[in-house]
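Trainee: Here you go, one structure.
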Protein chains: 2
Amino acid sequence: MLLSKSCVYGLRASIYLATKNNSEYIPIKKMSETIEISHHFLTKILQQLTAQGLLDSYKGPNGGVRLKKPASEITLMDVVLAIDGPDLLTECALGLPGCGHQNPCPLHDKWATTRDSIKQMLESSSLEYLVERGKSEDLRLTNEGGFEKLLNG
Amino acid sequence: MLLSKSCVYGLRASIYLATKNNSEYIPIKKMSETIEISHHFLTKILQQLTAQGLLDSYKGPNGGVRLKKPASEITLMDVVLAIDGPDLLTECALGLPGCGHQNPCPLHDKWATTRDSIKQMLESSSLEYLVERGKSEDLRLTNEGGFEKLLNG
DNA sequence: CTATTTTAGGACAAAAGACTCTCTAAAACC
DNA sequence: GGTTTTAGAGAGTCTTTTGTCCTAAAATAG
Ligand code: SF4
Ligand code: SF4
């Protein structure tokens, strides 16, 4: 797997938050039901995003979480780095320590190209872009429902 | 991580076997010492490759394993499929079941492109190609040593 | 101040992945 | 036939990932 499950959940939640008006806090409980992720587990993941400065959180009634920056300024890369860390972008395909630069393995050139393409994809996808695509084509974020359902839910 | 650790070990071992004259069997014990992977664990992994028809094995003195086909006809994709299975190439970036075709998520187009680039890399790298690159530039397959050491080991 | 809603955080449990150990089976050599 | 060399197969252990649960702390409303 390219991304850990926690990371995938974090991405789904981030995209969902980006569909919302950013002036109000969204309770994690409600969000977890909408995007079909266990409440407690999602809470843990969002705690990481909050700690990394991607989300604002607020306790108490009318509390919840929201994006700390506009959706146009948050990329998938930000979320992946916050949850899975930089390993995906620095680690060796053959798992040899101290890699790439001085003494590469035979796979290095090809792998470095592929790694760049992954990096490129993550950096070039802002939450705003994904929400717009989702809205315009009614794509889905859950097993069943499309975007319309999310926006009105 | 893109590939499981077992898969990475399998790749290292396959590349190593491709450096050898394919007429003799290489004992796993010796190989495990050369490429610095636990003997028993490597045995398990190579059993899978044997079961999948990528390796020949032979018991008893002068036994061991060797590639079943010429190194030019085995790609990294073959090894990855044998050990990690096809998940990497079929699975969703957002982990939604029943994916891609009829009802994609907003990430699908970009992800499909990246996935193709991974697929392309794995399919276009034959063991022979890697060994040639390794030989000509004395690249490494272990933490320390380069190819010269492997060939003469 | 008290009860309620909501995040924060830690302890715990289950499952998967990574690795070890031991015994068995086959082949070769003497 | 007996011993050695090798792969095969299974059970068992350790670690990481995934997921649950419970309590505390903050905020709000009455
Ligand atoms: S040399 Fe490059 S491709 Fe090879 S293991 Fe290191 S980073 Fe990966
Ligand atoms: S629609 Fe495409 S990108 Fe999205 S989860 Fe499915 S396969 Fe992955």
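Trainee: Return the pair list, or none, for Cβ contacts closer than 9 Å from residues in segment A:15-29 that are without any contact (Cβ under 8 Å) to a residue 60 or more places away in the chain to residues that are hydroxyl-bearing (Ser, Thr, Tyr), at least 6 apart or on different chains.
Mentor: A:TYR25/A:SER57; A:TYR25/A:TYR58; A:ILE26/A:TYR16; A:ILE28/A:THR43; A:ILE28/A:SER57; A:LYS29/A:THR43
Trainee: Would a scan of segment B:1-19 turn up a residue that is over 17 Å from the mean Cα position of the chain (by Cα), farther than 30 Å from A:PRO86 by Cα and either of a type in the set (A, V, I, L, M) or surrounded by fewer than 22 Cβ atoms within 10 Å (Cβ to Cβ) (or both)? Give the derivation first.
Mentor: Step one: filter segment B:1-19 for residues over 17 Å from the mean Cα position of the chain (by Cα), giving none.
No, there is no match, as no residue in segment B:1-19 is over 17 Å from the mean Cα position of the chain (by Cα), farther than 30 Å from A:PRO86 by Cα and either of a type in the set (A, V, I, L, M) or surrounded by fewer than 22 Cβ atoms within 10 Å (Cβ to Cβ) (or both).
Trainee: Looking at (1) more than 12 Å from the chain's Cα centre (by Cα); (2) within 14 Å of chain B (Cβ to nearest Cβ), which is the only condition A:LEU76 fails?
Mentor: Unmet for A:LEU76, out of (1) more than 12 Å from the chain's Cα centre (by Cα); (2) within 14 Å of chain B (Cβ to nearest Cβ): (1).
Trainee: Among the numbered conditions (1) closer than 23 Å to A:PHE147 by Cα; (2) among the hydroxyl-bearing types (Ser, Thr, Tyr); (3) within 14 Å of DNA strand C (Cβ to nearest atom); (4) surrounded by 13 or more Cβ atoms within 10 Å (Cβ to Cβ), tell me where A:SER38 comes up short.
Mentor: It is condition (4) that A:SER38 fails.
Trainee: Take the conditions touching a Ser or Thr at 6+ places or on another chain (Cβ under 6 Å), part of a loop (DSSP other than H, G, I, E, B) and closer than 25 Å to B:GLU148 by Cβ and apply them to B:GLU24. Does it pass?
Mentor: Values: touching a Ser or Thr at 6+ places or on another chain (Cβ under 6 Å): no; part of a loop (DSSP other than H, G, I, E, B): yes; closer than 25 Å to B:GLU148 by Cβ: yes.
Judged against the criteria, B:GLU24 is not a match.
Trainee: Are there any pairs with C-beta distances below 6 angstrom linking a residue in segment B:102-113 that is farther than 13 Å from B:GLU91 by Cβ and at pLDDT below 90 to a residue that is of a type outside the set (Val, Ile, Thr) and away from DNA strand D (no atom under 16 Å from the Cβ), with the two at least 6 apart or on different chains, and if so which?
Mentor: Once the first residue is farther than 13 Å from B:GLU91 by Cβ and at pLDDT below 90 and sits in segment B:102-113, its partners that are of a type outside the set (Val, Ile, Thr) and away from DNA strand D (no atom under 16 Å from the Cβ) give B:ASN103/A:ARG140; B:PRO104/A:LEU139.
Trainee: Being within 14 Å of another protein chain (Cβ to nearest Cβ) and over 19 Å from B:ARG115 (Cβ atoms) is the requirement here; does B:ILE35 meet it?
Mentor: Numbers: within 14 Å of another protein chain (Cβ to nearest Cβ): yes; over 19 Å from B:ARG115 (Cβ atoms): yes.
Judged against the criteria, B:ILE35 is a match.
Trainee: Let me ask something additional. Filter segment A:51-73 down to the residues that are within 6 Å of DNA strand C (Cβ to nearest atom) and surrounded by 15 or more Cβ atoms within 10 Å (Cβ to Cβ) and list them by number. Please lay out each step first, then the result.
Mentor: First, pick out the residues of segment A:51-73 that are within 6 Å of DNA strand C (Cβ to nearest atom): A:57, A:59-61, A:63-65.
Within segment A:51-73, A:SER57, A:GLY64, A:VAL65 qualify.
Trainee: B:GLN48: out of contact with any Pro (no Cβ under 6 Å at 6 or more places or on another chain), more than 10 Å from chain A (Cβ to nearest Cβ) and closer than 30 Å to A:SER6 by Cβ, yes or no? Full working, then the answer.
Mentor: Working: out of contact with any Pro (no Cβ under 6 Å at 6 or more places or on another chain): yes; more than 10 Å from chain A (Cβ to nearest Cβ): yes; closer than 30 Å to A:SER6 by Cβ: yes.
Yes: the conditions hold for B:GLN48.
Trainee: When B:GLY60 is evaluated against the numbered criteria (1) more than 7 Å from every other protein chain (Cβ to nearest Cβ); (2) outside any loop (DSSP other than H, G, I, E, B); (3) not basic (Lys, Arg), which criterion, by number, is the only one it fails?
Mentor: Unmet condition: (2).
Trainee: For segment A:3-15, check the following and say yes or no: at least one residue is more than 11 Å from DNA strand D (Cβ to nearest atom), within 14 Å of another protein chain (Cβ to nearest Cβ), in a loop (DSSP other than H, G, I, E, B) and under 17 Å from B:LEU94 (Cα atoms).
Mentor: Looking through segment A:3-15, none of the residues is more than 11 Å from DNA strand D (Cβ to nearest atom), within 14 Å of another protein chain (Cβ to nearest Cβ), in a loop (DSSP other than H, G, I, E, B) and under 17 Å from B:LEU94 (Cα atoms).
The values are calculated or read from the model by the stated rules, or taken from the named source; none is laboratory data. Quantities reported herein were computed from a predicted structural model and do not represent experimental measurements. Quick reminder, even Gly has a Cβ in these numbers, built from the backbone with ideal geometry, and neighbours come from all protein chains shown.
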